[in-house]
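As structure tokens, the structure follows; a few thoughts come after it.
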Amino acid sequence: MSENNTKTISPEEQQLFDVAHRAAAAYSVYGRSRVEKIVQAVAEAAAEKAEFYAEWAVRETGFGDVPSKTQKNQVGLLCAQQDLAPFIDPQIDAEKKIVSYPKPAGVIVALIPSTNPVATVYYKVIIALMTRNAVILCPHPGAKECSVHAADLMEEIAVKAGAPAGLIQSVRQPSVPLVNQLMQSDRTNLILATGGPAMVRAAYSSSNPAIGVGPGNVACYVHESADLAKTAERIVFSASFDNSLPCTTESVVIADRAIADSLVMGMIKQGAYQIEKTDEVRRVREFLFPEGHMNPKAIGKSAEWIAEHSGVAVPVGTKLLGIEIFTIGEEEPISKEKMFPLVGFFKNDGGVQGAIRAAQAMLAMHGKGHSALIHTNNPEVAARYGAGLPVCRIPVNTPGVTGSSGVETNLITGAVIGTGFFGRSSIDENVGPKHLIQWTRLAYNNDPAEVMGDIDGAIASLISEAEQKRPETAPDLANLQLNRDDLKLMIKELLADELRQILKPQ
């Protein structure tokens, strides 16, 4: 497909690629200390603006709350604390006689969702910088202002710290056709897709390498052995965090009947409100799920806002709403993924196997590969739950939002959640910097008589040269102007291609 796809992109978008590839080529030979300086400068500047961009994102999108988005923005920068050596310096395995050279992908096209815009910009830019890649960001139209501004800040700081100009660019006027063109271009080396299922599928069908993530529908099993006070606190914190926008938040609490009522009381103490009156349940259902479908006006809104618009009185400070459900399936919308602070509460009579069946029923609708949760102090129960579900991560005794993202577990720290083969994704881990590089492996003959010699000294010399090499710079996007003759040729080729398509025999 290569040539024709590139020619259908406008001159302005061609310019994005021109600048990105020049920047990527220059940056790919930077040594580790130079990269570390750039990464730390950008991370520090972004951290100072975490609350500023959180407020902007809430104002622009109408989704979530400022304190939660501030924390998400900060979490998106935690990866900058990692040692960069594994992503930049050659690695020597003397026993296997293999030298591995980490190589950057090149130019990454990164999709940015409206629900978590700046946090995703922060994270994808930082892991691209850590791995010596250039990135072209494609923000959701509903969050383009805050996303582009944050990206421009990071580009400015990166250049001041010594990066080649053009490493971090944004599409100014995003649209679905334009994003599809960028994803399908043969000048795209890798796609990082975060967004709705349709956009992720488009990334995978682009014919370019892609890392995509899928939707969640998190089943949270609370076994009778769990510490109920801690569990209640964790669930309310997580399921209300940023008004339940993260895909890692609890969707349905599956509680053993013996402890279910005590768990509800504990959640109420933490700021939840259990809706029990028949008419209140009806009003909330009708508002949140008109004709059985999620009300888009409620996405990212607070529990108090939802209650008010449903005609239900709740205590001031209510963080989370709960409704008991008696079945899990297509006919029960509360058993599906929700993007507002409401959890279904399902009382389980079947022990761990009953909980597994309930969770499997949730995943049969959607969310395979993503995540589930369990709260238990019984290792056998945890082991059986882990073995029984087609998901790629199951945090134990943590909030979903911090456990699955690696903040309170030792998973890769990041909220870009791979769903593996279960969820039709190419990756089953949280996406991190290690996924943005590939390796050239120098493999010696395994005959013991064949020796590597002083390979350590040779590699040390290479690293030293990289540290001392004067960096080349790419032209600034704002100052790069297409040559008039090149522009005429490009337009001529576009017209010729269109004419060929018209004249092509049907």
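Only the coordinates and a few stated rules stand behind these numbers; no lab work does. Small disclaimer: the values here were computed from a predicted structure and weren't measured. Don't worry about glycine lacking a Cβ; one is built from the backbone with ideal geometry, like all the others, and counts go over all protein chains shown.
Given q = 0.18 Å⁻¹, what are the Debye log10 I(q)/I(0) values for segment 1-120, with equal point scatterers placed on the Cα positions and solvent ignored? Summing over Cα pairs of segment 1-120 leads to -1.08.
The GluC sites (Glu not before Pro) of segment 51-104 that DSSP puts in a loop, and whose beta carbon has at most 16 other beta carbons within 10 Å, are 95. Take the Cβ atoms of residue 265 and residue 349, set R0 to 25 Å, and the FRET efficiency comes out at 0.80. Computed about its Cα centre, the charge dipole of the chain is approximately 580 debye, with only Lys, Arg, Asp and Glu carrying charge at their Cβ. Relative to the dominant Cα principal axis of the chain, helix 50-61 is inclined by about 70°. Rounded to the nearest 10 degrees, the angle from helix 11-27 to the longest Cα principal axis of the chain is 80 degrees.
Segment 332-374 and segment 436-463 have Cα centres lying 50 Å from one another. Taking each residue as 0.36 nm, the span from residue 152 to residue 40 lengthens on full extension beyond its C-alpha to C-alpha distance by 38.7 nm. Between residue 464 and residue 421, what FRET efficiency comes out of the Förster formula 1/(1 + (r/R0)^6) with R0 = 60 Å and r the beta carbon distance, rounded to 0.05? For R0 = 60 Å, the calculated efficiency reads 0.90. Label segment 35-79 by shape, choosing from rounded, prolate and oblate, from the square roots a ≥ b ≥ c of the eigenvalues of the Cα gyration tensor; if a/c is under 1.5 it is rounded, and otherwise prolate applies when a/b is larger than b/c, oblate when it is not. Prolate shape, in that a/c is at least 1.5 and a/b is the bigger ratio.
When only the Cβ of Lys, Arg, Asp and Glu is charged (+1, +1, -1, -1), the dipole of segment 218-403 relative to its Cα centre reaches about 320 debye. Here the extension length gained between residue 258 and residue 450 equals 62.4 nm, from 0.36 nm per residue of separation less the Cα-Cα distance.
Going by neighbour counts of Cβ atoms within 10 Å, the residues 349, 186, 256 line up, fewest first, as 349, 186, 256.
Calculated from the structure at hand, Rg and Dmax of the Cα atoms in Å is found among [x] 23.6, 72; [y] 25.1, 83; [z] 21.7, 75 as [y]. The ranking of 220, 392 from fewest to most other beta carbons within 10 Å of each one's beta carbon is 392, 220.
Calculated [222 nm] ellipticity per residue, helices only, for the chain: -13500 deg cm²/dmol; basis is -39500 (n - 2.57) per DSSP H run with n ≥ 4, divided by all residues, nearest 500. Please work out the C-alpha center-to-center distance from segment 180-229 to segment 270-328 and express it in whole Å. Between the Cα centre of segment 180-229 and that of segment 270-328, the gap is 28 Å.
For segment 218-403, the Kirkwood estimate of hydrodynamic radius, built from reciprocal distances between every pair of different alpha carbons, is 16.0 Å.
Karplus-derived 3J(HN,Hα) values for segment 361-369, using 6.51 cos²θ - 1.76 cosθ + 1.60 with θ = phi - 60°, are 5, 5, 6, 5, 7, 5, x, 4, x Hz; glycine and proline are entered as x.
Take the alpha carbon gyration tensor of segment 354-464, find the square roots of its eigenvalues, order them as a ≥ b ≥ c, and report rounded if a/c is under 1.5; if not, report prolate when a/b exceeds b/c, else oblate. In terms of gyration-tensor shape, prolate. Sequence-distant contacts, meaning Cα pairs under 8 Å at least 6 residues apart, place the relative contact order of segment 1-125 at 27 percent.
Ranking of 405, 302, 207, 238 by neighbouring Cβ atoms within 10 Å, starting from the fewest: 207, 302, 238, 405. Bridge orientation summary for the chain: considering DSSP beta bridges with both residues in this region, about 20 percent are antiparallel. Which shape class, rounded, prolate or oblate, goes with segment 199-312 when its Cα gyration tensor gives a ≥ b ≥ c as root eigenvalues, a/c under 1.5 marks rounded, and past that a/b bigger than b/c marks prolate? Judged from the Cα gyration tensor, segment 199-312 comes out oblate (a/c at least 1.5, b/c at or above a/b). Among the listed pairs 144/230; 49/368; 336/434; 49/336; 72/160; 124/230, those with a Cα-Cα distance over 28 Å are 144/230; 49/368; 336/434; 49/336; 124/230. Rounded to the nearest 10 degrees, the inclination of helix 66-75 to the longest alpha-carbon principal axis of the chain is 50 degrees.
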